[in-house]
1. Taking the options B:L90, B:L96, B:L125, name whichever one is within 23 Å of A:S138 (Cα to Cα), more than 27 Å from the chain's Cα centre (by Cα) and more than 10 Å from chain A (Cβ to nearest Cβ).
2. Can you pull out every residue in the range B:143-162 that is of a type outside the set (G, A, S), touching a helix residue (DSSP H, G or I) at 6+ places or on another chain (Cβ under 6 Å) and over 18 Å from B:Q74 (Cα atoms)?
3. Those residues that are within 23 Å of B:E83 (Cα to Cα) and either surrounded by 14 or more Cβ atoms within 10 Å (Cβ to Cβ) or within 14 Å of chain A (Cβ to nearest Cβ) (or both), I need them from the range B:4-32; list them, please.
4. Within the range A:13-43, can you find the residues that are of a type in the set (A, V, I, L, M) and surrounded by 22 or more Cβ atoms within 10 Å (Cβ to Cβ)?
5. Among the candidates A:A30, A:A109, A:A98, A:A20, single out the residue that is within 15 Å of the chain's Cα centre (by Cα), in a helix (DSSP H, G or I) and without any contact (Cβ under 8 Å) to a residue 40 or more places away in the chain.
6. Got at least one residue in the range B:196-211 being out of contact with any helix residue (DSSP H, G or I) (no Cβ under 9 Å at 6 or more places or on another chain) and either of a type in the set (K, R) or surrounded by fewer than 19 Cβ atoms within 10 Å (Cβ to Cβ) (or both)?
7. Confirm whether B:F81 is within 12 Å of another protein chain (Cβ to nearest Cβ) and either on the phi > 0 side of the Ramachandran plot or touching a residue at least 12 places away in the same chain (Cβ under 8 Å) (or both).
8. Yes or no: B:R302 at pLDDT below 90, in a strand (DSSP E or B) and in contact with a Gly (Cβ under 9 Å, 6 or more places away or on another chain)?
Amino acid sequence: MLMPDEWEAIRLSLRVSLWAVAASLPLAVAVAMLLARVRFPGKSLFDAVVHLPLVLPPVVVGYFLLLLLGRKGPLGAWLESTFGLVFAFRWTGAALAAAVMGFPLMVRAIRISIEAIDTRIESAAATLGANPAWVFASVTLPLMLPGIITGALLSFARSLGEFGATITFVSNIPGETRTLPIAIYSYTQVPGGDLQALRLSIIAVVLSLGALLVSEVMVRRATARVAGRDA
Amino acid sequence: MLEVDIRHRQGGFRLEASFASDVTVTALFGKSGAGKTTVVNVIAGLIRPAAGRVVVNGQVLLDTARRVWVPVRQRRVGYVFQEGRLFPHLTVRQNLLYGRFFTPAADRYAVLEQVVGLLDIAPLLDRRPAGLSGGEKQRVAIGRALLASPRILLLDEPLASLDPGRKTEILFYIERLRDELRIPMVYVTHEIEEIVRLAERMVLMSDGRSVACGAVSEIMGRLDLRPMTGRFEGGAVLDAVVAAHDLDYGITTLAFDGGELQCTGVDALPGERVRVRIRARDVAISLERPTGISMRNVLAGRIAEVGTQRGPEVDVRIEIGRVSLLARLTRRSADDLGLAPGRPAYALVKSVALDHRSVGYA
């Protein structure tokens, strides 16, 4: 019942969002650890920069990405010549824009769950012979799992809805960068596209609702596990 | 077995502790804030002191003069924390086995089945920590520390967060470790009752300093340390042997170097060695042998020392044979009786004042 180009927008949106979450998660964990556990000069400034995408107009973020990572941008040119990696006007660019926009939400959620961890449990692991890397992998990481799930979901939902930064950075190319919100916007701009815009909007609601429900169940399980209750 | 010499500063708190011990259980005793936990954290390697030396079983773990610093994870100290600190996301079995593989195979002496049996935690293995009672948690915490096959076990007030019934339960298991595994332990507490039951030697801590170190009976019998060994619960501790039980009356006779004591509720076989704490406030003094009196323990001795406290109460040390008892009297009584070193006197102790809580099984 859906048209091929509608399917395409949905598939693309899911792919972009999943990649955005997967690629930014390790960095978000590292930044959250840094903010929660380490004291260093310039920490407030660093914290502010991490949160910048939350308060800047998305168009501004997209424009900066374009300046920096466009084919002629300093970083973009270098990435292309060194790794053959191109972000401009590709779906990878859409994923990058989504990742940047969702990053502060992810870091916040993870940081809160790190701060809730009793560090004395980690020193107990050290007295049992575990080295710092193993303490992190076997104690810290599992205990921050609720935050990781919440953060991943927030970033995923933010990515599904990402519009401004994406359209500025990678434009509106059907099949490449025309994600669900951009497709909806495009349909509202052509005569007779109202019905399709409505159908896609309903699908957006269903997707978001589904993601929320799944994460709710996962967070509940992870929280029970972290609290040490019998599952 | 254990050698500790530390100087450290933490904010306004100064720590100066120095002691050595070669017995199975060494107790660190003192009020809260005396620095006991800091000492244990230094032994464990969780705190790096400004200067000091820590040697466990001949292994130098810390020597600032020679720049020796063994990191926590390589020290192989079993640390049982006051609050247990179990891993909430792991089952009891996973908690127990956490440290096992970090110990080199040649040094592993602890066996899961044995430790589980010793602590009676087999029914708990598949459960998670949050559902356990306080006593169960502490037993698992002890088992987890043991299964890493530590060189020494550090117990930081392991009973502090438990209710009285659970305390007795855990004490029983710690006695088992002491008697069956003979693993060296440092036991931190501010309860003299636990020391009498568990420890052979004690280190007295006060305001960040180790004030005295010696056999439990020796430290507890010193009049000059009375302000630090406890006003209410303090008193002489003496070593004795169970001589006989009177089953009809439930009275046990204990023989010590200087006489006999009758008490109630002792759970030991004739011939077994026990340690009895006689609270100073439960001891009365008479210059003549009293008659027509309910007190069953009338011990002939000699006044050895009269305290110099200013307040309404005064401590007196009486020598009975080669053993000292402490008595706490009103200063008025001491003056009225003219108590002075050298005077013959009788120490009177009620048998019911000596119950199971005053007796430790050595």
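1. Numbers: B:L90 fails: more than 10 Å from chain A (Cβ to nearest Cβ); B:L96 fails: more than 27 Å from the chain's Cα centre (by Cα).
The match here is B:L125.
2. Hits for the range B:143-162 are B:D156, B:P158, B:L159, B:L162.
3. B:V25, B:T26, B:A27, B:L28, B:F29, B:G30
4. Residues of the range A:13-43 that are of a type in the set (A, V, I, L, M), as a first pass: A:14, A:16, A:18, A:20-23, A:25, A:27-36, A:38.
Residues satisfying the conditions are A:V16, A:A20, A:V21, A:A28, A:V29, A:A32.
5. On the way: A:A109 fails: without any contact (Cβ under 8 Å) to a residue 40 or more places away in the chain; A:A98 fails: without any contact (Cβ under 8 Å) to a residue 40 or more places away in the chain; A:A20 fails: without any contact (Cβ under 8 Å) to a residue 40 or more places away in the chain.
Every option except A:A30 fails the conditions.
6. At the first step, the residues of the range B:196-211 found to be out of contact with any helix residue (DSSP H, G or I) (no Cβ under 9 Å at 6 or more places or on another chain) are B:207, B:209.
Imposing the further condition that a residue be either of a type in the set (K, R) or surrounded by fewer than 19 Cβ atoms within 10 Å (Cβ to Cβ) (or both) reduces the set to B:207, B:209.
Yes, that holds for at least one residue.
7. Details: within 12 Å of another protein chain (Cβ to nearest Cβ): yes; either on the phi > 0 side of the Ramachandran plot or touching a residue at least 12 places away in the same chain (Cβ under 8 Å) (or both): yes.
In short, yes.
8. Numbers: at pLDDT below 90: no; in a strand (DSSP E or B): yes; in contact with a Gly (Cβ under 9 Å, 6 or more places away or on another chain): yes.
Considered against the rule, which asks whether it is at pLDDT below 90, in a strand (DSSP E or B) and in contact with a Gly (Cβ under 9 Å, 6 or more places away or on another chain), B:R302 comes out as no.
The values are calculated or read from the model by the stated rules, or taken from the named source; none is laboratory data. Treat the numbers as computed from the prediction; the structure is a model and nothing was measured. As a convention, Cβ positions derive from the backbone with ideal geometry for all residues, glycine included, and neighbour counts pool all protein chains shown.
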